[in-house]
Amino acid sequence: MSRVVTRSLATTLGASKSAFQVFDRAAKRVQRLKTPKTDVFASRKADFLRDEVSLRTIERLAFITRDFTRTLDLGAHLGNLLKNLCTVSRAEEGADETEVEMIKQLNADKQSISAKMKELVMLDSSRELLFRDADLSLDRDFPGKITRVVADEEAFDAPELAESEQFDTVISNLSLHWINDLPQALANINRVLKARRSIHGHDFWRRHTI
């Protein structure tokens with residue numbers, strides 16, 4: 001069992017002063033904290049979409065032969081990627097042989113990818129979401145180090161992001177669609193990526209691998 005490190009950063013409501021102001025990120029941040037803070041059970045009922053996207057991300061990461069030694073999960077939400085890496089998938093009752101084999105392969109992929117990650121940095125602007133499941137066994141089940149950072153995804157000004165070329169891959173699932181200045185956000189991500197490494201992102205209209 002590896003040591004788990006969690007860190008929390010204060011963020012300001014007006015973190016990003018980009019010329020592009022399509023979304024009120026401060027209002028969105030307030031809206032996001034309500035359900036996990038007042039009703040954790042209701043919050044978990046809405047996990048299915050992010051869980052599905054996380055599973056698809058895992059399937060695609062399995063094709064990459066390079067290690068993911070230091071991985072940044074940008075806009076990590078409650079940690080759906082971590083949750084699905086550490087949860088054994090099971091075939092539904094009555095599943096045919098092909099479906100059973102697919103589930104076996106998915107579970108093998110989860111183990112392989114987890115073994116490649118020595119550190120998973122999970123960054124999200126909502127402390128309530130990011131730490132909602134921190135007391136579950138997921139942190140103990142993950143073989144590497146986990147760092148939780150509360151910071152604005154668009155401002156990209158957390159001390160943990162100051163160093164350039166530090167991550168082997170960056171993953172962002174269903175988060176980038178709330179970014180006002182997407183070109184700048186992608187430039188920020190590119191800065192912290194090591195040379196010739198990849199960004200894996202899903203939003204509500206397409207999947208990105210860069």
Check: Considering the dipole of the range 25-209 built from charges on the beta carbon (Lys and Arg +1, Asp and Glu -1) around the Cα centre, which of His200, Ala108, Ala95 is farthest to its positive end?
Finding: His200
Next item on the list: Would you mind ranking Asp139, Asp47 so that the residue whose beta carbon has the fewest other beta carbons within 10 Å leads the list?
Entry: Asp47, Asp139
Note to self: With both bridge residues required to lie in the range 80-210, what share of the DSSP beta bridges run antiparallel, to the nearest 5%?
What the structure shows: 20 percent
Check: For the range 100-192, what relative contact order do you get, as a whole percent, if you take Cα pairs closer than 8 Å and at least 6 residues apart?
Finding: 25 percent
Notebook entry, point to check: Near the amide H of Ser198, under 5 Å away, which other amide H atoms are found, from residues 5 or more places off or on another chain, if H is placed in the peptide plane?
Noted result: Val170
Item checked: Above-threshold pairs, the threshold being 27 Å between Cα atoms, out of Lys45/Lys118; Lys145/Lys194; Lys104/Lys194 -> Lys45/Lys118; Lys104/Lys194
Check: What's the FRET efficiency of Ala108 with Ala26 using the Cβ-Cβ distance as r and R₀ = 45 Å, to the nearest 0.05?
Finding: 0.55
Checklist line | Three-way shape call for the range 25-209 based on the alpha-carbon gyration tensor, with the a/c threshold at 1.5 | finding: oblate
Check: What net charge is computed for the residues neighbouring Ala95, neighbours being all others with C-beta under 12 Å from the C-beta of Ala95, Lys and Arg scored +1, Asp and Glu -1?
Finding: -4
Checklist line | Size of charge dipole - the range 25-209 - debye, nearest 20, with Cβ of Lys, Arg +1 and Asp, Glu -1, no other charges | finding: 420 debye
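Once you keep just the Cα pairs under 8 angstrom separated by 6 or more residues, what percentage relative contact order results for the range 25-209?
24 percent
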Next item on the list: List the residues of the range 74-114 whose backbone N lies under 19 Å from a point placed 7 Å from the Cα of Asp157 along the Cα-to-Cβ direction.
Entry: 75
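Laboratory data are not the source of any read-out in this text; all were calculated from the coordinates shown. This one's a predicted model, so the numbers in the text were calculated from it and none came from an experiment. Methodologically, a virtual Cβ is constructed for each residue, glycine included, from the backbone with ideal geometry; neighbour enumeration extends over all protein chains shown.
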